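*Asks:* I'd like to ask you about the structure that follows.
The values are calculated or read from the model by the stated rules, or taken from the named source; none is laboratory data. Computed from a predicted structure; not experimentally measured. Glycine gets a Cβ as well: all are built from the backbone with ideal geometry, and neighbour counts include every protein chain shown. What goes into the accessible areas is simple: the full protein's heavy atoms, side chains included, and nothing from ligands, DNA or RNA. Shrake-Rupley method; radii C 1.70, N 1.55, O 1.52, S 1.80 Å.
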Amino acid sequence: EKPSPGMACIPGGPFLRGSDQHGRNARPQRRVTVSTFYIDVHEATTPAFVACVKAGLCTRPKPYLRYRGFHGKRQPAVPVSWHNALAICLMQGKRLPTEAEWEKAARTTDGRTYPWGEAAPTCRRAAFRGCRPATTRAVGSFPPNPYGLFDMAGNGYEWVMDWYTPCYGGCNKACGDACRGRDPRGPCAGVLRCKGHRRRVLR
């Protein structure tokens, strides 16, 4: 089935999620499987957020006006809460990806660390703190990854559906079984309220 305009089809299958060489949040590395899914090739842009506010589904955060230079028509919507990100998706008949789906889409077919491969990040490869200009760039300003997805590193944080846990396994309050197997969705399967959890995952 052909993806809708602006979306890419990510083929399902197993992949290595996480890393044993980086922070505790990413441990342990484990093989999980996700089903085929669609994902937007670009981050949600400022006009999508403005439309959501006008529809009464999104709320403008208090520090929004302090982000001068960040609200161009082709720039990613920032700052945006998890609830606003979910509302933008639902308004378009879509949903937030799970963390496993997001990582499968980011690491593509070879388990790469960055969209461009294993080389260290530079300001020629992505927009991040310390780069100039000190704002986000228009979506699509850097080359896409092999799945055709842009800005899977840098430019703006991206929300996923999962509730946050300090690790996948082997630590206090680990995600455990909820982050294993096929199509893992994290604690409480990502529903709106989950006892003992207050934060969502940013990637």
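*Asks:* Find how much the distance from Y157 to S4 grows on full extension, using 0.36 nm per residue of separation minus their present alpha carbon separation; answer in nm with one decimal. Don't skip to the end; give the middle numbers.
*Replies:* Values: separation 153, 0.36 × 153 = 55.08 nm, distance 2.35 nm.
In short, 52.7 nm is gained.
*Asks:* Follow-up question, since we're still on this one. With a 4.7 Å Cβ cut-off, tell me which Cys residues in the chain come up empty for a partner.
*Replies:* Result for the chain is C9, C89, no neighbouring Cys Cβ within the cutoff.
*Asks:* Step through the residues of the range 84-89 one at a time and calculate ³J(HN,Hα) from phi using the Karplus curve (6.51 cos²θ - 1.76 cosθ + 1.60, θ = phi - 60°), rounding each to whole Hz and writing x for Gly and Pro.
*Replies:* Along the range 84-89, the couplings run 5, 4, 5, 5, 4, 5 Hz.
*Asks:* Given points 7 Å out from each Cα along the Cα-Cβ axis, report the H197 to R60 separation in nanometres with one decimal.
*Replies:* That separation, rounded to one decimal, is 3.2 nm.
*Asks:* Need one number: % antiparallel among DSSP beta bridges in the chain, to the nearest 5.
*Replies:* Working: 13 of 14 bridges.
Taking every DSSP beta bridge with both residues in the chain, the antiparallel ones total about 95 percent.
*Asks:* Restrict the search to the range 54-85; then list the chymotrypsin sites (Phe, Trp or Tyr not before Pro) that DSSP places in a loop and that have at most 15 other Cβ atoms within 10 Å of their Cβ.
*Replies:* Y67
*Asks:* Additional query: Quick one: with all protein chains in place, what share of the accessible area of the chain is carbon or sulfur, to the nearest percent (1.4 Å probe)? Kindly include the intermediate steps, with their values, before the conclusion.
*Replies:* Details: 6210 of 11630 Å².
After summing per-atom areas, the C and S share lands at 53 percent.
*Asks:* Accessible area per residue of the range 156-200 at 1.4 Å probe, in Å²?
*Replies:* Result: 63 Å² per residue.
*Asks:* Hey, another quick one. K173: which aspartates and glutamates have alpha carbons under 20 Å from its alpha carbon, excluding same-chain residues fewer than 8 sequence positions away?
*Replies:* Candidates past the 8-residue exclusion: D20, E99, D162.
*Asks:* Right, something else. Any chance you could check the Cα centroid distance between the range 13-77 and the range 178-195 for me, in angstrom?
*Replies:* 18 Å
*Asks:* Which lysines have a Cα lying under 19 Å from the Cα of K62, excluding residues fewer than 8 positions away in the same chain?
*Replies:* Counting by Cα, and skipping residues close in sequence, K62 has these lysines nearby: K54.
*Asks:* Further question: By the gyration tensor of its Cα atoms, with a ≥ b ≥ c the square roots of the eigenvalues, what is the shape of the range 1-64: rounded for a/c under 1.5, prolate for a/b over b/c, or oblate? Please list the in-between numbers first.
*Replies:* Details: a/c = 3.62, a/b = 1.49, b/c = 2.43.
Here the range 1-64 falls in the oblate category.
*Asks:* Gain in length, R74 to R112, computed as 0.36 nm per residue apart minus the alpha-carbon separation, to one decimal in nm? Can you show the working numbers first?
*Replies:* Working: separation 38, 0.36 × 38 = 13.68 nm, distance 2.71 nm.
Extra length available between R74 and R112 comes to 11.0 nm.
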